Amino acid sequence: MLLEFLPAIGRGLATTVAIATASIVGCAIVSIVLGIARRSRFAPARTAAGLIVELLRGASVLIYLFWVYYALPLVPGMPRLSPVAVSVVVLSLVGGAYGAEIVVSGLQAVAKGQSEAAQALGLSRYDTFVRVVFPQALTQIVPAFASLAIDMVKWTAIVSFLGVQDLLSVANTVRTITYSTVGVYVGVAAIYLGLGLCTSYLFRLAELALPLNRALTAARVSANACRGSEPLMKSGVSYP
C-alpha cells in the first residue's frame, strides 16, 4: 500500500534536498563572512560579528523559524516571505553562526609566519589572505564543515512546522492514511541516513579537490615513486 505514495514521497524528498542544498550554500557564505569579521583588525566589526553569533546561537532554530515567519511580517515595512524562503534564510543564518567558529578555528590554525612571509615578499594584506592564508585554512574548515552540513540536512525536518511539504511532512500524511507508523518512520530514517552519507561523501570529494590537498597528494605520490625506484637503481637497473 505504501508503494502508491512513492511519487508524493519523492516530491517531499526533492523539497528536502533543495532546502538543504540552498541552506548549506547560504550557511557557507554566512560562516565565511562572520568568521572573517571575527578575525578582523577593526574592533567594531569583531564586536558586531560576536554579538550576531551569540544571538543566533542563543535560541533554537524552531523559535527563529516561527519568529521570522509569523512575527517579522507584523513589523511595519517587513516583507512576508514564503515558507520555503523563510526556511532557507533561517537555516542559513543559524548554521552560519555555528560555522563562523569553524572558520575562525581554521584561520587560527594557519601559522602566523605564513602571512608574515607573504607580506615580506610584497603581497598586500588582501592578497595574503586570499592567496596564502584562506587556501590553507580551507583544509581545516571543509572537514569540520561537513559535520555541520550533515546536521543542517537533519534540521530541514523542522520546516514542516511551517506547512512546507518536505519529506517529514509527506511521511506524516502517509502515516495518518495508512496507519503504518513503524514502516513509514523506518523508511524516513533510512532516507535521512542516506542523505547524511551522501553529504559526507560530497564533502570528502570537496576536501580532496582543494588545491593544497591535491599538491600534498601529488608530493606523496612523487616521493613514493622515488622510493620505489631506489632498489632498482642500487641493483644497477637503468631506465631507457
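Just so you know, all these numbers are worked out from the coordinates, no wet-lab data involved. On a predicted model such as this, the values are computed, not experimentally measured, just so you know. Here Cβ is always computed from backbone atoms with ideal geometry, including for glycine, and neighbour counts include all displayed protein chains.
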Measure nothing but the geometry: give the 0 to 90° angle between the long axis through the Cα atoms of 211-234 and the longest principal axis through the Cα atoms of the chain, rounded to 10°.
40
Quick one: net charge of Val103's neighbours, Cβ under 15 Å, K/R +1, D/E -1?
+3
By how many degrees, 0 to 90 and rounded to 10, does the Cα axis of helix 167-178 deviate from the longest principal axis of the chain?
40
Helix-derived mean residue ellipticity, 222 nm - over the chain, DSSP H n ≥ 4, -39500 (n - 2.57), to 500:
-25500 deg cm²/dmol
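Kindly state, to the nearest 0.05, the FRET efficiency for Tyr179 paired with Ser200, given R0 = 25 Å and r defined as their beta-carbon distance.
Given R0 = 25 Å and the Cβ-Cβ separation, E is 0.15.
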Where does helix 181-209 land angle-wise versus the long Cα axis of the chain, in degrees 0 to 90, nearest 10?
30
Which is the longest run of the chain containing none of the trypsin sites (Lys or Arg not before Pro) found in DSSP loop states (not H, G, I, E, B) with at most 14 other C-beta atoms within 10 Å?
81-240
Considering Cα pairs under 8 angstrom that are at least six residues apart, work out the relative contact order of region 59-182 and quote it in whole percent.
26
For Ile63 and Ser82 in one chain, what is 0.36 nm times their gap in residues minus the Cα-Cα distance, to one decimal in nm?
5.2 nm
Please report, to one decimal in angstroms, the Kirkwood hydrodynamic radius of region 1-98 built from all distinct Cα-Cα pairs.
15.2
How many nm separate the modelled label positions at Val17 and Gln119, each set 7 Å beyond the Cα in the direction of the Cβ?
4.7
